[in-house]
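Below: the structure, in structure tokens.
The values are calculated or read from the model by the stated rules, or taken from the named source; none is laboratory data. This structure is a prediction, so every number in the text was calculated from the model and none was measured. Glycine also receives a Cβ, built like all others from the backbone with ideal geometry; neighbour counts cover every protein chain displayed.
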Amino acid sequence: MTHADQEHRGRQIAVGVGILLTVTALVCGTLIGWRYLPGLMGEWIGTMVGVATTPFFLEGSFVVLGVTIVVAINHWRLKRDGDELVYLEQVDETDLSGNLPDQAKWAVYKEAPLAGEVPSLLVAAQGALAIGDIESAAESIAAMSTEQLKSLEVIELRIALAKASGNEELAARLEHEAGTECTVLDK
């Protein structure tokens with residue numbers, strides 16, 4: 001059990017003990033202290049204590065008190081945490097690359113997921129290189145047209161890919177090529 005789980009459980013126990021102590025104090029205070037209240041209020045509370053402590057009413061009053069506490073806590077938790085409804089997305093068998101168990105074929109979302117988009121080859125290569133997937137980055141660059149390969153952004157990406165794969169000679173040649181293109185663009 002992690003430290004956060006232990007801390008959460010400790011808070012739950014503290015809240016429960018606090019509720020029990022509060023109810024105990026209120027019930028004991030009412031049973032003992034109603035005699036000291038003056039006038040009509042004292043007589044009314046005395047009558048209610050007498051009715052509530054008779055057989056069957058005592059148990060019923062504690063059931064009502066318990067249900068009230070549970071509903072109040074649940075209402076407070078819902079206000080704090082928000083709605084529990086989630087969006088479920090079912091995956092079709094045709095979309096699966098392998099045989100997944102039934103419980104792994106769905107995902108839970110608080111909101112409907114955004115519509116997917118296919119990234120450009122440059123974005124795909126940059127993302128693959130950022131996570132260290134050199135092979136996917138190289139595949140994305142290999143699929144680019146010659147015009148795309150000549151752009152400065154792609155050349156910089158190719159330099160970073162060459163350095164990440166340990167090909168310093170190719171990185172130096174691409175840096176020289178990029179330097180030549182920069183001077184041509186500056187003129």
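Here are the numbers for the structure shown:
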| item | result |
| --- | --- |
| Helices (runs of 4 or more DSSP H) (entirely within region 110-154) containing at least 1 residues that are modelled with pLDDT of 90 or more | 121-130, 134-142 |
| Meets criteria (assigned by TED's automatic domain parsing to the domain that holds SER61 and loosely packed, with under 11 Cβ neighbours inside 10 Å) for ARG9 | no |
| Boolean, THR68 is of a type in the set (Ser, Thr, Tyr) and under 47 Å from the mean Cα position of the chain (by Cα) | yes |
| Verdict on THR24 being within 26 Å of VAL71 (Cβ to Cβ) and over 26 Å from the mean Cα position of the chain (by Cα) | yes |
